[in-house]
Amino acid sequence: MGVLTFTSKGEPGIGFRIGYTYISERARRRANRVSGAGIMLTGVLLILLSFFLPMPWLMAVLLSCFGVIIPVTYLVAKREYELEELSEEAPEKPERRIRPPRVGKYLALQTVFVGLSLVLLINGKLPDREISILIFVQLFILGLTLLASRPIVFQLAPKFRGKMALGFAKAMAVVSGMISLLLAVSALKGNTNPLFVVLLLLISLGAVFYAAFVALTSAYEEGYY
């Protein structure tokens, strides 16, 4: 994945693809180099740590690395785009202003879910330390939703309406809520009824499929067929 990103020459679906990299070739090249190098280093780090750490901790390391790579690459792409804009003459008429989508309620909802999970962790209700890594997943999802509120991130087409960003934020809120539910169930002491476990599994699968459906539907409405 890192090699493909680092050597990408603009192929569809390959590389670090956000609004800046679609409207600026200079930003695309620099962002792909930075993110590609970061992903390759992450792969090497995971290989080395796999001899010492179990899978849940490796997932935490992976999420932490991507939590650094994504914002750093975003800032690099933004900077390269702005430098390219400064080197060109200003247009005669200002371009259409793109209003950011309102994802505040989804951010607030995810913040509540993260807060509930942290309360369980602080009070020592979680029986297994490894399951507390899911809280890092919630924080990672919250960061991705915050990025989705920036129009330039999901401005992949000339006509930006924000439906894809809203759908993504809603889907991430569903996933975060599902994680909080799983953590709350794991905090229950004693034996759990097998029927309840089956019901929880069905709820989790339903939440995942619903989140995927919302994300795909919003992408279709935005114009990505």
Ordering 74-82, 45-53, 168-176, 202-210 by per-residue average of other C-beta atoms within 10 angstrom, highest first, gives 168-176, 74-82, 202-210, 45-53
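How much area per residue is accessible in segment 1-86 when the probe is 1.4 Å and only protein heavy atoms are counted (Å²)?
Numbers: 5020 Å² over 86 residues.
For segment 1-86, the solvent-accessible area averages 58 Å² per residue.
Can you pull the percent of segment 1-86's accessible area that's carbon plus sulfur, 1.4 Å probe, other chains left in place? Could you put the intermediate results ahead of the total?
Details: 3580 of 5020 Å².
Reported share for carbon and sulfur atoms: 71 percent.
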Trypsin sites (Lys or Arg not before Pro) in segment 1-70 lying in a DSSP loop, each with at most 12 other Cβ atoms within 10 Å of its Cβ, come to Lys9
Stretched fully, the stretch from Arg102 through Phe52 gains (0.36 nm per residue minus C-alpha distance, one decimal, in nm) 13.7 nm
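Give me the dipole magnitude in Debye, nearest 20, for segment 1-86 about the Cα centre, with unit charges on the beta carbon: positive for Lys and Arg, negative for Asp and Glu. Show your work: numbers first, answer last.
Details: 9 positive and 6 negative charges, 18 e Å.
The dipole magnitude comes to about 80 debye.
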Cα-based Rg/(2.2 N^0.38 Å) for segment 1-86, rounded to two decimals, is 1.20
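Apply 1/(1 + (r/R0)^6) to the Cβ-Cβ distance of Leu199 and Val68, taking R0 = 45 Å, and write down the FRET efficiency to the nearest 0.05.
On the way: r = 38 Å, r/R0 = 0.84.
Calculated transfer efficiency: 0.75.
Between Val44 and Arg79, what is 0.36 nm times their sequence separation minus the Cα-Cα distance? Round to one decimal in nm. Walk me through the numbers on the way to the answer.
Numbers: separation 35, 0.36 × 35 = 12.60 nm, distance 2.79 nm.
Working it through step by step, the gained length comes to 9.8 nm.
The values are calculated or read from the model by the stated rules, or taken from the named source; none is laboratory data. Fair warning: this is a prediction, and the values are worked out from it, not measured in the lab. In this analysis, Cβ positions are derived from the backbone assuming ideal geometry, glycine residues included, and neighbour counts consider all displayed protein chains. Heads up: the accessible areas ignore ligands, DNA and RNA and are worked out on the full protein's heavy atoms, side chains in. Shrake-Rupley method; radii C 1.70, N 1.55, O 1.52, S 1.80 Å.
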